[in-house]
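J.: Structure below; questions to follow.
Derivation of every value follows stated rules applied to the coordinates shown; laboratory data play no part. This one's a predicted model, so the numbers in the text were calculated from it and none came from an experiment. For neighbour counting, all protein chains shown are included, and Cβ atoms are generated from backbone atoms with ideal geometry for every residue, glycine included.
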Amino acid sequence: MDRCRNILYRGILVGLVLGLCGCAVPQTPVSGTLLGDVHWQDKVYLDGDVIFAEGSRLTIAPGTEVVFLPASEGRDPLTTHPNFPGSELIIKGELVAEGTATAPITFKYVDSLAPAGSWGGINLSQSPGASFRFCRFTQADSAVHSQESTVSIEESLFENNLVGIRFFSSQMLIENNLLRRNGTAIRFHFGAPVICRNQIIDNRRAFFFTSFPRDFHIEANNILGSGDYAVVLGEEVPDDVAMPRNYWGTTDLPSIEALFFDGRRTGYLGSVQVTPILTAPIEKAGISWNP
């Protein structure tokens, strides 16, 4: 399955140099616009829209908790698409968030009992490089939202978000992640995603293709237990969508096709094509650590 990774890296280089920049760790809630090289560790609180300007770099150390607070008055000016209401992290430069199996990085709301959608998301806006490894995302509107960026997401857990991973016109590597109990696990249009070896279970919708998907590669995923549909095609998806070599919990083709909202239900949409179908789950799909 190494060819999954090779597809994404053909013609581009995804990767950032992880290094400590020696900047002061924030001791009070962070807000506003930040410049330069910034290093976060331990526990960091965000109040409102925190923007890292173009040319900046944020490095988050293993074990860090990034906690989103209710936005104070005047600190949440960006509330409409592609942004969201509530505190959010907006990255126009580079981001390195690489934890370890024993010290993952957590992005969460301050109230652990609050529902999905309590904070906005990590909004990547024309970022030249963002890397997430061994991260946990919970309670967001759209936990990772990429716009015209280059992003890798590996060994990470997305749970209890309205949307786990959302993007358009981006180069995305999404590999060996666990996405569970989200409204929608992965939502996108345009873009060039490589989505391999993920465990996508017990979401309301596993995939939502909103419009004109192109150059995508979705293979060797376990896609199970979707509450509404495993795959939903939006109104601007007139062509067939190829998703071969995934495991759907059964090998019965009519049962699998019943999991899709596509041209089989509404004539103006394309159809999800799944053959050949995997006959057994991918053993090494999902994360390698115990959250």
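J.: Specify the inter-centroid distance of the range 235-283 and the range 107-152, based on alpha-carbon positions, in whole Å.
T.: 28 Å
J.: Let me ask something else. Give me the dipole magnitude in Debye, nearest 20, for the chain about the Cα centre, with unit charges on the beta carbon: positive for Lys and Arg, negative for Asp and Glu.
T.: Its charge dipole is roughly 420 debye.
J.: How big is the dipole moment of the range 230-291 about its Cα centre under a simple scheme where the beta carbon of each Lys and Arg is +1, that of each Asp and Glu is -1, and everything else is neutral? Debye, nearest 20, please. Don't skip to the answer; put the middle values down first.
T.: On the way: 4 positive and 8 negative charges, 48 e Å.
Using Cβ point charges on Lys, Arg, Asp and Glu, the range 230-291 gives about 240 debye.
J.: Pull up the DSSP beta bridges for the chain and report the antiparallel fraction as a percent, rounded to 5. Kindly include the intermediate steps, with their values, before the conclusion.
T.: Working: 0 of 96 bridges.
Of all bridge pairs located within the chain, approximately 0 percent are antiparallel.
J.: Here's another thing I want to ask about it. Let me spell out the model: positive unit charges on the Cβ of Lys and Arg, negative unit charges on the Cβ of Asp and Glu, origin at the Cα centre of the range 23-175. What dipole size does that give, in debye rounded to 20?
T.: Values: 8 positive and 18 negative charges, 8 e Å.
Taking the Cα centre of the range 23-175 as origin, the dipole is about 40 debye.
J.: Toward the positive end of the charge dipole of the range 66-148, about the Cα centre and with charges on Cβ (Lys, Arg +1; Asp, Glu -1), which of GLN139, PRO70, TRP119 goes farthest?
T.: Going by the Cα projections, it comes out as GLN139.
J.: Assuming a ≥ b ≥ c are the square roots of the Cα gyration tensor eigenvalues, decide whether the range 177-284 counts as rounded (a/c under 1.5), prolate (otherwise, with a/b larger than b/c) or oblate.
T.: Values: a/c = 1.41, a/b = 1.27, b/c = 1.11.
Rounded.
J.: Work out the charge dipole of the chain with +1 on the Cβ of Lys and Arg and -1 on the Cβ of Asp and Glu about the Cα centre, then indicate which of ALA53, THR275, ILE195 is farthest towards its positive end.
T.: The residue sitting farthest along the positive end of the dipole is THR275.
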